[in-house]
Amino acid sequence: MRYISCLVILFSLISHSQNQVNLSYYLENLDSYDENIPKPNGYLLNNNEVGNSHVSHDRLVQYMYALAESSDRIIIENRGQTYEGRPILILTISSKKNLENIERIRQDHISLNSESGLAKDLSNMPVVIYQGYSIHGNEPSGSNSSMIYAYHLAASKSPKTINALNNAVILLDPSFNPDGLQRFAHWANTNKSMHLNPDSSDREFNENWPGGRTNHYWFDMNRDWLPVQLPESKARIKTFHKWSPNILTDHHEMGTNSTFFYQPGIPSRVNPLTPKENQTITSEIGKFHEKRLSEIGSLFYSEEDYDDFYYGKGSTFPDINGSIGILFEQASSRGHLQNSINGEISFPFTVKNQLTTSLSSLEAAINLRLKLLNYQKNFFKSSRKETSKNNNEYYLVGDNDKSKLFHFYELLKTHEIIIKTLPKNEVINNVEFNKESALLVPKNQNKSRLLKAMFEERTEFEDSLFYDISAWSFLHSFNLNFTDYSTKIKTKDLGLEKPKGKVINKSDYAYLFSWDDYYTPKALYRFLDKGVRVKVATNNFKIGSKEFDYGTLLITIKNQDLNTNQIHEIIQSLINETGIVFHGYNSSYTSGIDLGSNDFVNVSKPNIALIVGEGVTSYDAGEIWHLLDTRYQIPITKIKKSSLYSQDLSKYNTLILANGNYNLTDKVVKKIKKWVEAGGNIIGFRNTINWLNKKGLIAVEFNNNKPSLKSIKFKDKSNFYGSQLTSGAIFNTVLDRSHPINYGYNKNNLSIFRNTNIYLKNDSISFNNPITYSKNPLISGYISKENLKSLKNARPFAVFNHKKGKIAVFSDNTNFRAFWYGTNKLMMNAIFFTNLM
Ligand SMILES: [Zn+2]
């Protein structure tokens, strides 16, 4: 069903000069508002009303604190800081009386998620609504509207507001993305003309790369609700689970030529784990938006375009948690006033629509209060029932790499999933699970549906189109060993600490450490940066009963420019920061390659440049920057694509090309070629393979199976092309572990994530295919049968010699959204060990 209002005045053109609005544009009966509550304009530049310019996050914060200080309806809290150091605020808004008992109200509310809440009397229980704004920083109408909404809740004396405050707890998150909002506000304000110019070609509407959509490291934070790898998400998800809200609203903007969208989205693209009733209630809530948007003359639509499949999005994550997630999409004015096919669209108008739907969401929550509370209670009750017979059933998850396992544990803990200790060591299907490096996750727990959504492998789908990725299983993204497990032994809660490293046998001769730990790249870089000579084992060997695998690193103590103490100091610092275990030895003798053997090869320090700027996919470039900077502390120079020609590339030995369009001029290509020939290494991702191939830097063939176009109707055209996209799925690969690209992996199979249709044909020489897709490669997610055919006989990685240099390419994304811990080492191997390939 579509809610299309009768034709009313479309986009309210604000007639007086230069579209200046005042507060009465947004709120009625302002005379009746509490005059002791500060209005937003007092906190904005030049006392400008909201909508006349773009609020910076700094000023938004000032206003929210001022509001909280003057009102007994608001408790304000700073839950942490963004990468740029901005506060991550949450306002808890309710009646004074409710706020005085807020902890009791919260505990009563979350008790509905467990057995203990079944008998609770709901008649006086407030409904909880989490309202969040502008997770995409350059979709600013949400955050700007949050100031007026908060003002209204604090100052309105109307019976309707009083009733709402008595019956609801509002968690108001004024800016989901503080760094992005700040970046965008600066752009919009600095490009504003005094006489507003609505011409869409103006710089005001066309941001510089990478724009304000993303966070500091260029991540789309509206994909991180389930992986929770970013500080803003960590704060938000903590609040979510602390409160278990009944409704969560997520206010966005879309293309300027659209109108206004609210969920439900496309019915056939709802994740099958979401209960049907969730969508029914979403429609009922929609009635309230319909009424209020019609009243103010706004056009809108529903049940089209957007979906509810990937639980990592803000409007879908609540749906697997007994809540109702609602996406709002407002046509963007981007700047202050812009032409559209529907006439001029002003920034204040977009703010007003977001305010209107904030109010209609609250109105819906109040009216559907009992229904929502019952839905919450029944969601958890029925999910417990689904798994009640699995009382002794567990997921058993383990890994030799304790650092990686710890981060997996942390993720589950963030989602308040119960984790137990493995009572005894086990060997299952030839895989060892040790008590110290395994965890048991009970299948029967309150969050069993969320757990299922996090671990599930799915290869059948009702629809073949996806707004985002079709698979995300964390068991695979962390490359863990896992199996079903059943035990009647009473299990204890597991408390894991971040692993600390250690030295086994202090030595003045040599140390070995395995390349398996997640943080070894950090250690290797630290040694090289301090001038320590490090060698890598290109074969496996044994000392006594201790086995060392390919890629083991060797530090001799004597042949160094640093003295013994200095080296021990570095080792000590690394033990404190990572889980790496250093093994000391007093002789070069091993069974296998001796420590003095030529099969131990010197590793050089990488000096890395990453090409960024217009044309480069900022998400992919940001993932690489984030990984090297925040996890490994490896410096990376971000060179603007447009300034490549004038840069001295000889300062770098490694050049990373993230996915992107590299239409570089011939003289730049020539310069890069010369640099490679002199010994430079290029690491290229995804569609850079096509470009490198076209420019003659590499020579590859592609598999390219295409479907028949003989019986496709015109109306099905876009669905047909959509169904041929591989928008994000997980595949199984087979590793040749003797190849340096696979150092640090101690299993022969690796799950890998791909979101591209580039299928690199296998080379006829088998050792040129160190990673190949397995016979039945699809683990989870959607891929068309033609593309699956292209995947057979394909390889995700290839490396080429180019005189003294090398070019290594990956068709798949090894760094996806910071939660693919399992494949990060592939890129690190390309950074450190290309010279061995
Ligand atoms: Zn958005």
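The values are calculated or read from the model by the stated rules, or taken from the named source; none is laboratory data. Since the structure is predicted, the reported quantities are computational estimates derived from the model, not experimental observations. Backbone-built Cβ (ideal geometry, glycine too); neighbour counts: all protein chains shown. The accessibility values were calculated without ligands, DNA or RNA, using every heavy atom of the protein model including side chains. Shrake-Rupley method; radii C 1.70, N 1.55, O 1.52, S 1.80 Å.
Determine if segment 787-800 includes at least one residue that is more than 21 Å from Asn690 (Cα to Cα) and surrounded by fewer than 21 Cβ atoms within 10 Å (Cβ to Cβ). Within segment 787-800, none of the residues are more than 21 Å from Asn690 (Cα to Cα) and surrounded by fewer than 21 Cβ atoms within 10 Å (Cβ to Cβ).
Conditions tested, residue by residue: (1) in contact with a helix residue (DSSP H, G or I) (Cβ under 9 Å, 6 or more places away or on another chain); (2) closer than 30 Å to Phe205 by Cα; (3) modelled with pLDDT of 95 or more; (4) not hydroxyl-bearing (Ser, Thr, Tyr).
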site: Ser143; (1), (2), (3), (4): yes, yes, yes, no
site: Ala168; (1), (2), (3), (4): yes, no, yes, yes
site: Phe176; (1), (2), (3), (4): yes, yes, yes, yes
site: Leu181; (1), (2), (3), (4): yes, yes, yes, yes
site: Phe184; (1), (2), (3), (4): no, yes, yes, yes
site: Ala188; (1), (2), (3), (4): yes, yes, yes, yes
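Scan segment 521-559 for residues that are without any contact (Cβ under 8 Å) to a residue 40 or more places away in the chain, farther than 20 Å from Tyr632 by Cβ and small (Gly, Ala, Ser) and the total you get is 2. Residues of segment 237-257 that are over 27 Å from Ser94 (Cβ atoms) and either surrounded by fewer than 20 Cβ atoms within 10 Å (Cβ to Cβ) or away from the ligand (no atom under 13 Å from the Cβ) (or both): Met254, Gly255, Thr256, Asn257. Quick check, is Ile807 outside any helix (DSSP H, G or I) and touching a Ser or Thr at 6+ places or on another chain (Cβ under 8 Å)? So Ile807 does not fit the description; no. Is it the case that Val503 is aliphatic (A, V, I, L, M), farther than 26 Å from Ala523 by Cβ and open to solvent by 20 Å² or more (accessible area, probe 1.4 Å)? Against the criterion (aliphatic (A, V, I, L, M), farther than 26 Å from Ala523 by Cβ and open to solvent by 20 Å² or more (accessible area, probe 1.4 Å)), Val503 does not qualify. Selection of segment 411-448 for residues being part of a helix (DSSP H, G or I) and aliphatic (A, V, I, L, M) yields Leu411, Leu412. If you go through segment 188-208 and keep only what is open to solvent by less than 60 Å² (accessible area, probe 1.4 Å), out of contact with any Lys or Arg (no Cβ under 9 Å at 6 or more places or on another chain) and of a type in the set (A, V, I, L, M, F, W, C), you end up with just Leu196. When the residues of segment 621-674 are filtered to those that are closer than 20 Å to Gln229 by Cβ and acidic (Asp, Glu), the one that is least open to solvent (accessible area, probe 1.4 Å) is Glu623.
Results for (1) over 28 Å from Arg269 (Cα atoms); (2) in contact with a Pro (Cβ under 9 Å, 6 or more places away or on another chain); (3) more than 16 Å from the ligand (Cβ to nearest atom), shown as yes or no for each residue.
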| residue | (1), (2), (3) |
| --- | --- |
| Tyr310 | no, no, no |
| Lys313 | no, no, no |
| Ser323 | no, yes, yes |
| Gln330 | no, no, no |
| His336 | yes, yes, yes |
| Glu344 | yes, yes, yes |
| Asn353 | no, no, no |
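Looking across segment 308-322, the residues that are touching a helix residue (DSSP H, G or I) at 6+ places or on another chain (Cβ under 7 Å), under 13 Å from Leu273 (Cα atoms), open to solvent by less than 10 Å² (accessible area, probe 1.4 Å) and not in a strand (DSSP E or B) come down to Tyr311, Asp319, Ile320, Asn321, Gly322.
Taken over segment 327-355, residues that are under 29 Å from the mean Cα position of the chain (by Cα) and of a type outside the set (Asp, Glu) amount to 14. Scanning segment 578-592 for residues that are open to solvent by 20 Å² or more (accessible area, probe 1.4 Å) and either free of Cβ contacts under 8 Å to residues at least 60 places away in the same chain or among the hydroxyl-bearing types (Ser, Thr, Tyr) (or both) yields Tyr585, Ser587, Ser588, Tyr589, Ser591, Gly592. With a requirement of 2 or more residues that are touching a Pro at 6+ places or on another chain (Cβ under 7 Å), the helices (runs of 4 or more DSSP H) lying completely within segment 57-120 that satisfy it span 57-70.
Would you confirm whether or not segment 200-207 contains a residue that is more than 30 Å from Thr637 (Cβ to Cβ) and free of Cβ contacts under 8 Å to residues at least 12 places away in the same chain?
Just the residues of segment 200-207 that are more than 30 Å from Thr637 (Cβ to Cβ), to begin with: 200-202, 204-205.
Keeping just the survivors that are free of Cβ contacts under 8 Å to residues at least 12 places away in the same chain gives 201.
Yes.
Every condition in (1) closer than 18 Å to Met837 by Cα; (2) surrounded by 23 or more Cβ atoms within 10 Å (Cβ to Cβ) holds for Gly781 except the one numbered (1). Taking residues in segment 770-783 that are on the phi > 0 side of the Ramachandran plot, and partners anywhere that are buried (at least 19 other Cβ atoms within 10 Å of the Cβ), the pairs with Cβ atoms closer than 6 Å and at least 6 places apart or on different chains are Gly781/Ser470; Gly781/Ala471; Gly781/Ala729; Gly781/Ile730. Note on segment 210-236: among residues that are small (Gly, Ala, Ser) and in a helix (DSSP H, G or I), the one that is nearest to the ligand (Cβ to nearest atom) is Ser233.
With respect to Leu153, determine if the residue is closer than 19 Å to Ala364 by Cα, away from the ligand (no atom under 16 Å from the Cβ) and part of a helix (DSSP H, G or I).
yes
When Thr772, Thr823 are checked against the criterion of being at pLDDT 95 or above and surrounded by fewer than 23 Cβ atoms within 10 Å (Cβ to Cβ), a single residue qualifies: Thr772.
The set of residues in segment 174-209 that are more than 15 Å from the ligand (Cβ to nearest atom), part of a loop (DSSP other than H, G, I, E, B) and under 22 Å from Ile624 (Cα atoms) comprises Asn208, Trp209.
Collect the residues in segment 98-138 that are within 16 Å of the ligand (Cβ to nearest atom), open to solvent by less than 10 Å² (accessible area, probe 1.4 Å) and not β-branched (Val, Ile, Thr), keeping them in residue-number order. Result: Gln131, Gly132, Tyr133, Ser134, His136, Gly137.
Where residues in segment 675-718 are closer than 22 Å to Ala798 by Cβ and charged (D, E, K, R), which of them is least open to solvent (accessible area, probe 1.4 Å)? It comes out as Arg686.
Of the set (1) open to solvent by 10 Å² or more (accessible area, probe 1.4 Å); (2) touching a helix residue (DSSP H, G or I) at 6+ places or on another chain (Cβ under 6 Å), all apply to Val734 but (2).
Taken together, the residues in segment 258-272 that are in contact (Cβ under 8 Å) with a residue 60 or more places away in the chain, away from the ligand (no atom under 15 Å from the Cβ) and not polar (S, T, N, Q) amount to 3. A single member of Ser738, Ser764, Ser790 is under 29 Å from Val676 (Cβ atoms), without any contact (Cβ under 8 Å) to a residue 12 or more places away in the chain and either in a loop (DSSP other than H, G, I, E, B) or not β-branched (Val, Ile, Thr) (or both), and it is Ser764. Would you confirm, using the coordinates I've provided, whether Asn367 is surrounded by fewer than 18 Cβ atoms within 10 Å (Cβ to Cβ) and out of contact with any helix residue (DSSP H, G or I) (no Cβ under 8 Å at 6 or more places or on another chain)? The answer is no for Asn367.
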